[in-house]
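The structure appears below as structure tokens.
The values are calculated or read from the model by the stated rules, or taken from the named source; none is laboratory data. These figures come from a predicted structure and were not determined experimentally. For neighbour counting, all protein chains shown are included, and Cβ atoms are generated from backbone atoms with ideal geometry for every residue, glycine included.
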Number of protein chains: 2
Amino acid sequence: MTNHRFDAAIALKPDSAERELFHGGTSPDYGNMVGPFGGTTAATLLQAVLDSPEVLGSPVSLTVNFAAPLADGPFTIATRPVRTNRSNQHWLLELQQDAVPVVTGSLVTGLRRETWADTEVRPPEVAAPEELTPQQPPDGIAWAANYDIRFAQGALPTPGSGESADSTTTLWVRDDPPRQLDFPGLAARCDVFFPRVFLRHGQYVPAGTVSMTAYFHADADTVARQAADHVLGTARAQRFGNGYFDQTAELWGRDGSLLATTHQIVYFKA
Amino acid sequence: MTNHRFDAAIALKPDSAERELFHGGTSPDYGNMVGPFGGTTAATLLQAVLDSPEVLGSPVSLTVNFAAPLADGPFTIATRPVRTNRSNQHWLLELQQDAVPVVTGSLVTGLRRETWADTEVRPPEVAAPEELTPQQPPDGIAWAANYDIRFAQGALPTPGSGESADSTTTLWVRDDPPRQLDFPGLAARCDVFFPRVFLRHGQYVPAGTVSMTAYFHADADTVARQAADHVLGTARAQRFGNGYFDQTAELWGRDGSLLATTHQIVYFKA
């Protein structure tokens, strides 16, 4: 825990009476067009488990379902350790506002052990972040101001962009000001890509994540080794239709480690 | 509902007292090396919601967390409609055996409406199923006998296979005997790929799915249009390490429709 704005945004207080209940609130620093940045919400759900003395190992798999828009304001997160096995642990998570469920989630944590390892995919070959210029959304989306994002491919559309045949975005991202990477920081970064439909249409249209999943390939040492450096992300959609599209993405450390693969299904109007 | 063995395997009976509780049981017809085929479990969880008179629209996103091995025998599934919005609905699912949680899940269903559509990925170019020979696992894994699976790439390892540098499997799959495709049948097919680590190592090693997610791109009409025909699936791993690997896959209709994209994280020992 540092004194970065991100830590303040995902901070939780344990309930005074109920053991697996936490109190938090949305942060104006990480506001999105409507409600908070989904990445912060995912990170906060993860933080609720990491705050638990019972947690076994480090995050392996996180799913977050956005059942309704979060309102700006306070919320509670209930964590439920469903099952603890020898080497992993399953959690269910529920965020409520005014006693109404708004976000649900599930998390698997695990003790990692040395095994045969291989990364089959390769990081995209792009210019170093030092050779690229940071880009911020023009309409002052608050959360983006807390990241240094440098697009190598598929930048945010601007008035002259026009349509694109390819939904791929590849970008470098670090916190701004820099912050040591940890699992909540990595979870938030899984949602750092703007909706792929913006890129295809060359303009902003209504869109919102319905469900996202992150698989954490990095162990705690690999995450720590990234320090506060840029992480390389690449995301694309596979199919758009009937009001939904998917997004599949990879997050890479600058040292070539595949930190996470992450997927989401997104609602859109276009 | 047909009288196919698959329908018997995923059949549920509503509890006589509790409204959102269902009774089912594992089927020896769909047994795996240990416990039942995960695809049948995913399909049964989905079926529990589809059996509900409250269900809104068709499946959009399904996540299934395998918290512990299912024992052969009876189970209950509790469904909880967390939130119903204008155009989608969020469900939580929990399968228990002897009052202990074994599998948890979440499902988003949605009303689909006509929008702009595009499929960015392309189906793999492979021989038609008629030109390929069905392959069954040598050790008589029960569930596989209920599918006609024809490998175009990355078949099941046999004693002489040796290691492979690529974890990709591409296959055609239909029920055997044939069965009209529906959403549970599609959900089951998301887990039809054997563990990718088998292919890399050229042999069977201990492995099991920890969490799987399916995004359904097809609407009910597109699913129905596939009739009982073969579906084309392609799956690969992106990273193996520290006892886990991921799998990302696509399921295509023979008519070129992307039916589903699906991802999982798998525990392994090697």
Q: Scan B:PHE216, B:PHE183 and give me the residue that is in contact with a Pro (Cβ under 6 Å, 6 or more places away or on another chain), under 26 Å from A:ASN65 (Cα atoms), within 10 Å of another protein chain (Cβ to nearest Cβ) and at pLDDT 95 or above.
A: B:PHE216
(Q) Restricting to region A:90-121, name every residue that is within 11 Å of chain B (Cβ to nearest Cβ) and more than 21 Å from the chain's Cα centre (by Cα). (A) A:VAL100, A:LEU111, A:ARG112, A:ARG113, A:GLU114, A:THR115, A:TRP116, A:ALA117, A:ASP118, A:THR119, A:GLU120
Q: Looking for whichever is in contact with a His (Cβ under 7 Å, 6 or more places away or on another chain) and either among the basic types (Lys, Arg) or farther than 18 Å from A:GLY39 by Cα (or both) here; the options are A:ALA260, A:ALA270. Which one fits?
A: A:ALA270
Q.
Looking only at region B:221-270, count every residue that is over 14 Å from the mean Cα position of the chain (by Cα), of a type in the set (A, V, I, L, M) and either under 20 Å from B:ALA152 (Cα atoms) or within 9 Å of another protein chain (Cβ to nearest Cβ) (or both) and tell me the total.
A. 4
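Quick one: how many residues across region A:152-169 are in a strand (DSSP E or B) and surrounded by 20 or more Cβ atoms within 10 Å (Cβ to Cβ)? Let's see the steps before the verdict.
Here is the first cut: in region A:152-169, the ones in a strand (DSSP E or B) are A:152-153, A:169.
Narrowing the set further to residues that are surrounded by 20 or more Cβ atoms within 10 Å (Cβ to Cβ) leaves A:152, A:169.
Qualifying residue count, region A:152-169: 2.
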Q) Which residue out of A:ILE141, A:ILE149 is within 24 Å of A:VAL34 (Cα to Cα), touching a residue at least 40 places away in the same chain (Cβ under 8 Å), aliphatic (A, V, I, L, M) and surrounded by fewer than 21 Cβ atoms within 10 Å (Cβ to Cβ)? A) A:ILE141
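Yes or no, residue by residue, for (1) surrounded by fewer than 16 Cβ atoms within 10 Å (Cβ to Cβ); (2) within 30 Å of A:PHE268 (Cα to Cα); (3) within 14 Å of chain A (Cβ to nearest Cβ):
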{"site": "B:PRO14", "(1), (2), (3)": "yes, no, no"}
{"site": "B:GLY35", "(1), (2), (3)": "no, no, no"}
{"site": "B:ALA43", "(1), (2), (3)": "no, yes, no"}
{"site": "B:VAL55", "(1), (2), (3)": "no, yes, no"}
{"site": "B:VAL60", "(1), (2), (3)": "no, yes, yes"}
{"site": "B:VAL64", "(1), (2), (3)": "no, yes, yes"}
Q. If B:ASP221 satisfies every condition in (1) charged (D, E, K, R); (2) touching a residue at least 12 places away in the same chain (Cβ under 8 Å); (3) surrounded by fewer than 23 Cβ atoms within 10 Å (Cβ to Cβ) but one, which is the exception?
A. (2)
Q: Give the number of residues within region B:70-116 that are closer than 12 Å to B:VAL60 by Cβ, in contact (Cβ under 8 Å) with a residue 24 or more places away in the chain and surrounded by 17 or more Cβ atoms within 10 Å (Cβ to Cβ).
A: 9
Q: State whether one or more residues within region A:249-259 are closer than 14 Å to A:SER167 by Cβ and either hydroxyl-bearing (Ser, Thr, Tyr) or buried (at least 22 other Cβ atoms within 10 Å of the Cβ) (or both).
A: yes
Q.
Cβ-Cβ distance below 8 Å, separation of 6 or more or different chains: which pairs start in region B:175-192 with a residue that is closer than 19 Å to B:ALA142 by Cα and end on one that is among the aromatic types (Phe, Trp, Tyr) and part of a loop (DSSP other than H, G, I, E, B)?
A. B:ALA188/B:PHE37; B:ASP191/B:PHE37
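Every residue, every condition in (1) assigned to a strand (DSSP E or B); (2) of a type in the set (A, V, I, L, M); (3) out of contact with any helix residue (DSSP H, G or I) (no Cβ under 7 Å at 6 or more places or on another chain), yes or no:
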residue	(1), (2), (3)
A:LEU232	yes, yes, yes
A:ALA249	yes, yes, yes
A:ARG254	no, no, yes
A:THR261	yes, no, yes
A:ILE265	yes, yes, yes
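Being in a strand (DSSP E or B) and aromatic (Phe, Trp, Tyr) is the requirement here; does B:TRP172 meet it?
Against the criterion (in a strand (DSSP E or B) and aromatic (Phe, Trp, Tyr)), B:TRP172 qualifies.
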Q: Answer yes or no as to whether B:GLU131 is in contact with a Lys or Arg (Cβ under 9 Å, 6 or more places away or on another chain), buried (at least 17 other Cβ atoms within 10 Å of the Cβ), at pLDDT 95 or above and closer than 23 Å to B:ARG236 by Cβ.
A: no
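Kindly establish whether B:ALA214 is closer than 24 Å to A:VAL266 by Cα, in contact (Cβ under 8 Å) with a residue 60 or more places away in the chain and among the small types (Gly, Ala, Ser).
yes
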